[in-house]
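Data block below; observations after.
The values are calculated or read from the model by the stated rules, or taken from the named source; none is laboratory data. Because the structure is predicted, anything quoted here is derived from the model rather than measured. Positions of Cβ are generated from backbone atoms using ideal geometry, with glycine treated the same way; all protein chains shown enter the neighbour counts.
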Amino acid sequence: MPKSATKVLIVGAGVIGLATACRLAESGYEVTVIDRSGAAGEGSSKANAGQLLFDRVGAMGSPGFLRSLPRTLFDPSQGVRVHGLLNPGNWRWVDRFLRECTANAWQENTARLLHLARASQEAFDDFRSRHEIHFEWRQPGKLVTYATSQALDAAQRAAEFQAGFGGRHEVLATKECLALEPALEGTSRPIAGAIYLPDAEVGDCNLCCREMARVLVEQLGARIIQDTAVTGFRQKDRRVVAVECGSQIIESDLFVVATGIDAPSLLRGSFAGRKPVTSVLGISLTYAIGAKPPDLSVTDASGKFVMLRLGDRLRVCGNAIFSKSLRARPADYRALSSKAQALMPEAANFAEPPMAWVGARPQTPDDMPMIGQAGAENLFVNAGHGSLGWTLAFGSAEALLQSIKQHSS
């Protein structure tokens, strides 16, 4: 156990930074969280897909991803745009990513993600057993639908590999999909079958972040500083002594960078475990529910989007746009809305404008986040979780705690 006087300053109040803060505060550290936003969870955690798939995570890099590139390049309905990777600043990331697009690399990376996700599930459940938090959590299960029998067969092989690490799945025919999720009735999207994941969970990540922030302040004695951007670090010899926030200086004993896509710009210089990180934009549309909202979370694999119910709202998420700009084209929103309405015609009040949101996923080439010491003796990083931030948050926090203990002993 660390001394109670050991101070930790965590940069970033998204789901990764807050989970890290909770774990460290419960372990006896004096925690301060600092964020440039005015509230917790306002960045990539704000309106994400809301899925917790602890037993079914998988790496993005795969032979299938490469095979699908020609189609995605010339089919805007896929919602995937990779032109941003032509920027010279992304070439190092592309080079490393291509090495991860083999069958062996996909299995190795997916296995590592599944181990981290399982640890995260246990740690998150343990945290919730000690602290009552409300974030519209449900465990409704999930359907992943496929447009062709060939795609379904390939998905079944991947699901069987993932099942070797725990978790359940079933392969369903088209009629079974419609019987299990009545919101699919009247769909005009092709469905040859689906993988059913009975243990999938859903919830509102933004609400979860707010609840964690409340627990940190009210129950764990932490401090959260908002509307304050960290611009750099002050270092003496091999240790960081303070963060710079414009003219303001904040000192601490330990420092953790948990700022997602912005982490590389704060962490200047090389360190063991450093990886290139690129920004992959995702889009979400949040509607009021309609006459026939879904109970299950449903992913349309051919259209690369997901639909799920959060309380009295329907969330639709999709797109993978490799870009540093937090802007999407109006056509992207229209295409996503059109696909959602085609999949579940009565799921939402599609006639009313939705709440639209764009978030940047901090993607590493192998999908594994950077967790550990980041150059200086007392500087650490917990960033680069791609689209799996919420799923991996508490497992990553535990891994970061162990790294701090190792380097502080």
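In the set (1) surrounded by 21 or more Cβ atoms within 10 Å (Cβ to Cβ); (2) within 30 Å of VAL11 (Cα to Cα); (3) in contact with a Gly (Cβ under 7 Å, 6 or more places away or on another chain), the condition left unmet by LEU336 is number (2).
Out of all the residues in the stretch 143-151, is one or more within 24 Å of ALA393 (Cα to Cα), at pLDDT 95 or above, under 24 Å from the mean Cα position of the chain (by Cα) and not basic (Lys, Arg)? Yes. Listed here are the helices (runs of 4 or more DSSP H) enclosed by the stretch 54-143 that have at least 2 residues being in contact (Cβ under 8 Å) with a residue 60 or more places away in the chain: 91-99, 103-130.
The number of residues in the stretch 279-311 being among the polar types (S, T, N, Q) and farther than 26 Å from ALA192 by Cα comes to 2.
Checked against the criteria, PHE322 counts as aromatic (Phe, Trp, Tyr) and either free of Cβ contacts under 8 Å to residues at least 40 places away in the same chain or touching a His at 6+ places or on another chain (Cβ under 8 Å) (or both). Checking the stated criteria, ALA348 turns out to be at negative phi and crowded, with 21+ Cβ neighbours inside 10 Å. Hey, any hits in the stretch 367-386 for a residue that's farther than 29 Å from VAL277 by Cα, in a loop (DSSP other than H, G, I, E, B), at pLDDT 95 or above and of a type in the set (A, V, I, L, M, F, W, C)? Within the stretch 367-386, not a single residue is farther than 29 Å from VAL277 by Cα, in a loop (DSSP other than H, G, I, E, B), at pLDDT 95 or above and of a type in the set (A, V, I, L, M, F, W, C).
Within the stretch 67-81, the set of residues being at pLDDT 85 or above and either in contact with a Leu (Cβ under 8 Å, 6 or more places away or on another chain) or under 15 Å from VAL280 (Cβ atoms) (or both) comprises GLY79, VAL80, ARG81. The strands (runs of 3 or more DSSP E) found wholly in the stretch 175-294 and carrying at least 1 residues that are surrounded by fewer than 16 Cβ atoms within 10 Å (Cβ to Cβ) and of a type in the set (D, E, K, R) occupy 223-225, 232-236, 239-245, 248-251. Considering only residues in the stretch 314-336 that are assigned to a strand (DSSP E or B) and not small (Gly, Ala, Ser), the one that is nearest to ALA183 (Cα to Cα) turns out to be LEU314.
Exactly one of (1) surrounded by fewer than 16 Cβ atoms within 10 Å (Cβ to Cβ); (2) farther than 22 Å from ALA25 by Cβ; (3) out of contact with any helix residue (DSSP H, G or I) (no Cβ under 9 Å at 6 or more places or on another chain) is unmet by LYS405. Its number? With (1) surrounded by fewer than 16 Cβ atoms within 10 Å (Cβ to Cβ); (2) farther than 22 Å from ALA25 by Cβ; (3) out of contact with any helix residue (DSSP H, G or I) (no Cβ under 9 Å at 6 or more places or on another chain) applied to LYS405, the lone miss is (2). Going through the stretch 24-42 one residue at a time, which ones are crowded, with 24+ Cβ neighbours inside 10 Å and either among the charged types (D, E, K, R) or within 18 Å of the chain's Cα centre (by Cα) (or both)? The answer is ASP35, ALA40, GLY41.
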